[in-house]
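Read the structure below first, then the notes.
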Amino acid sequence: MTESSLAQARAGDEQAFAALTDPFRRELQVHCYRILGSLQDAEDALQDTLLAAWRGLEGFEERASLRAWLYRIATNRCLNVLRDSSRRPQETRPLPFTPPEPTRYGEPLWLEPYPDALLEGVPDGAPGPDARYEARESLGLAFVTGLQRLPPRQRAVLVLRDVLGYRAAEVAAMLDTGEASVNSALQRARATLEAHVPPRRELTRLPSSAHQRELVERFADAFEAGDLDRVLALLSDEAWVTMPPEPFEYQGHDAIAAFLGHAFAARWTERHRLVPTRANGQPAFGHYIPDPQAGIVRGVGVLVLTLEYEQIAQITRFGGAALLARFGLPRTLPA
């Protein structure tokens with residue numbers, strides 16, 4: 001950032017402002033997604049952040065970096081979103097069949113997958129020495145799901161400290177609070193997160209071996225055919241099936257067999273189709289079901305796989321055809 005470019009932006013030059021802020025747009029969107037768990041909410045918060053920065057540029061005193069100043073605005077915009085409960089749906093979308101009794105009823109979480117294609121250009125490094133997580137590691141579904149279980153202020157503090165590596169004093173300034181309050185919130189947030197997020201799993205950012213690529217392909221073939229036995233053979237003994245924001249969660253082969261058995265019997269009159277993509281640094285698929293009358297398959301959502309020790313440790317289902325467009329996938333395909 002140069003003095004002239006900042007002066008031009010303050011004078012109302014939109015191109016100069018864009019030149020200052022564009023390098024941070026994608027990482028700010030990722031930051032908002034971690035806190036909010038929703039790509040749409042994250043994009044809305046990003047736009048609010050840039051508008052507030054444009055209007056408040058005269059107040060930027062350069063005591064902190066422009067990047068830190070933008071993160072301060074973005075974090076507080078995210079906290080405003082979380083305070084506004086009317087922005088979130090009051091009811092979950094029902095499943096298209098009656099599910100069996102789950103292993104447990106989890107807390108409904110407003111969570112969406114994040115397309116890997118949007119991670120291009122996001123830096124992997126952290127701005128400070130205090131970061132505990134790599135940038136992309138902290139975008140994994142297990143971590144983001146754990147974040148959504150934290151109170152808003154704790155969520156923001158943990159992301160700013162442990163993901164972005166800002167010092168306690170910097171976070172206190174961003175949130176208009178004291179260092180003692182930041183440290184207390186961080187301690188509570190870490191304890192809660194460790195209780196909900198398993199120890200560092202071997203999450204797959206890219207298929208790192210031929211075996212893992214084959215595992216993902218075998219799952220797709222078995223799932224498309226509705227072959228319950230072949231799907232179960234690919235799962236770890238303690239595997240989970242979850243479907244946020246629905247509270248139903250199934251763990252272990254018996255519980256998953258009961259759930260998928262209901263799903264396959266209700267919806268697999270013809271072969272389904274899975275189209276490969278990636279979400280949250282993990283293998284994923286657009287899920288399509290046949291429409292025999294129209295001669296097409298219709299998108300119904302996205303499946304994300306968590307791989308662990310060359311097995312599938314979790315299948316996370318996100319319902320809704322609208323998600324497909326965010327992954328560059330069509331709503332329908334030829335049968």
HN-Hα J couplings of the range 101-117 from phi, Karplus 6.51/-1.76/1.60, θ = phi - 60°, integer Hz, Gly and Pro as x? 4, x, 4, 7, 9, x, 6, x, 10, 7, 9, 10, x, 10, x, 4, 4
Running Debye on the range 210-334 with equal point scatterers at the Cα sites and no solvent, what base-10 log of I(q)/I(0) appears at q = 0.11, 0.17, 0.18 Å⁻¹? -0.35, -0.86, -0.98
Taking the highest mean first, how do the peptides 158-164, 140-146, 225-231 order by number of other beta carbon atoms within 10 angstrom per residue? 158-164, 140-146, 225-231
From the phi angles alone, apply the Karplus equation (6.51, -1.76, 1.60; θ = phi - 60°) to the range 301-307 and give each ³J(HN,Hα) in whole Hz, x where the residue is Gly or Pro. x, 10, 10, 10, 9, 9, 9
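How high is the relative contact order of the range 210-334, in percent, with contacts defined as C-alpha pairs under 8 Å that are six or more residues apart?
Numbers: 220 pairs, mean separation 28.4, N = 125.
Answer for the range 210-334 is 23 percent.
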In whole percent, what relative contact order does the chain give with Cα contacts below 8 Å and a gap of six or more residues? 16 percent
In whole Hz, with x marking every Gly and Pro, tabulate ³J(HN,Hα) for the range 32-48 from phi via Karplus 6.51 cos²θ - 1.76 cosθ + 1.60, θ = phi - 60°. 5, 5, 4, 6, 9, x, 9, 5, 5, 4, 5, 5, 4, 5, 5, 4, 4
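Let me know the volume per residue of the alpha-carbon convex hull for the range 11-52, in Å³.
Here the figure is 60 Å³ per residue.
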Collect residues whose amide H, placed 1.01 Å from N in the peptide plane, falls under 5 Å from the amide H of A279; neighbours closer than 5 in sequence don't count. D116, A284
Simple spin-label estimate for H196 and S181 in nanometres, 7 Å along Cα-Cβ: 2.2 nm
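Could you give the length gained by full extension between D227 and E61, i.e. 0.36 nm per residue of separation minus their alpha carbon distance, to one decimal place?
53.6 nm
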Given the -39500 (n - 2.57) contribution per DSSP H run of 4+ residues, what per-residue ellipticity at 222 nm results for the chain, rounded to the nearest 500 deg cm²/dmol? -14000 deg cm²/dmol
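Any read-out appearing in this document is the output of simple, stated calculations on the displayed coordinates, not a laboratory observation. It should be emphasised that the depicted structure is a prediction, and the values quoted were computed from it without experimental measurement. Glycine gets a Cβ as well: all are built from the backbone with ideal geometry, and neighbour counts include every protein chain shown.
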